[in-house]
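**Student:** One structure coming up, written as structure tokens, with questions to follow.
The values are calculated or read from the model by the stated rules, or taken from the named source; none is laboratory data. Here the structure is a predicted model, which is why all the values come from computation and not from measurement. Reconstructed Cβ throughout: ideal geometry from the backbone, glycine too, with neighbour counts over all protein chains shown. SASA here: full protein model, heavy atoms, side chains in, ligands and nucleic acids out. Shrake-Rupley method; radii C 1.70, N 1.55, O 1.52, S 1.80 Å.
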Amino acid sequence: MKRFPSIKKNIDFQRIYRQKKSYANRLFVMYVEETGEEENHIGISVSKKVGNSVVRHRMCRQIREIFRLNKHRIQTGLNIILVVRPTAKHSDYHELESAFLHLCGLHNIKLESK
């Protein structure tokens with residue numbers, strides 16, 4: 001089974017944060033870095049303000065699933081960091097997915113539907 005393409009190291013998070021290329025909506029803040037590789041990687045940051053560990057882990061699982069199901073709609077060769085805002089804990093899966101795709105559109109990494 002292939003491992004999920006995630007960003008885990010703090011130094012990688014800090015490098016992407018320093019580029020300061022971010023957009024936000026009421027559920028997420030998204031940072032994007034171009035790498036030129038064949039695969040996208042995602043890092044998810046959920047603070048304790050969002051909820052307890054059960055809530056935070058559920059948010060991470062939902063975001064990973066949204067990323068997995070929509071990776072064909074996104075350009076390749078990117079490192080993406082998604083910071084979850086506390087208002088996201090009250091949202092359902094479809095709201096999270098539309099917020100994710102909205103931020104992809106703002107970053108101009110969403111492929112045009114053909």
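**Student:** Condition check: outside any loop (DSSP other than H, G, I, E, B) and open to solvent by 90 Å² or more (accessible area, probe 1.4 Å). Does ILE11 satisfy that?
**Tutor:** Yes.
**Student:** Another question, if that's okay. If a residue must be more than 18 Å from SER45 (Cα to Cα), open to solvent by 30 Å² or more (accessible area, probe 1.4 Å) and either modelled with pLDDT of 95 or more or not in a strand (DSSP E or B) (or both), how many such residues does the stretch 96-114 contain?
**Tutor:** Result for the stretch 96-114: 9.
**Student:** Looking at the stretch 47-61 only, could you name the residues that are open to solvent by less than 40 Å² (accessible area, probe 1.4 Å) and farther than 14 Å from SER6 by Cβ?
**Tutor:** Residues satisfying the conditions are VAL50, GLY51, VAL55, MET59.
**Student:** I need every pair where a residue in the stretch 48-70 that is in contact (Cβ under 8 Å) with a residue 40 or more places away in the chain has its Cβ under 8 Å from the Cβ of a residue that is open to solvent by 60 Å² or more (accessible area, probe 1.4 Å), sequence separation at least 6 or different chains.
**Tutor:** ARG64/PHE4; ARG68/PHE4
**Student:** Could you pull out the residue among ILE66, ILE44 that is crowded, with 19+ Cβ neighbours inside 10 Å, touching an Asp or Glu at 6+ places or on another chain (Cβ under 9 Å) and β-branched (Val, Ile, Thr)?
**Tutor:** None of the others qualify; the one that does is ILE66.
**Student:** Ok, one more. Determine, yes or no, whether ALA88 is modelled with pLDDT of 95 or more, open to solvent by less than 40 Å² (accessible area, probe 1.4 Å) and small (Gly, Ala, Ser).
**Tutor:** no
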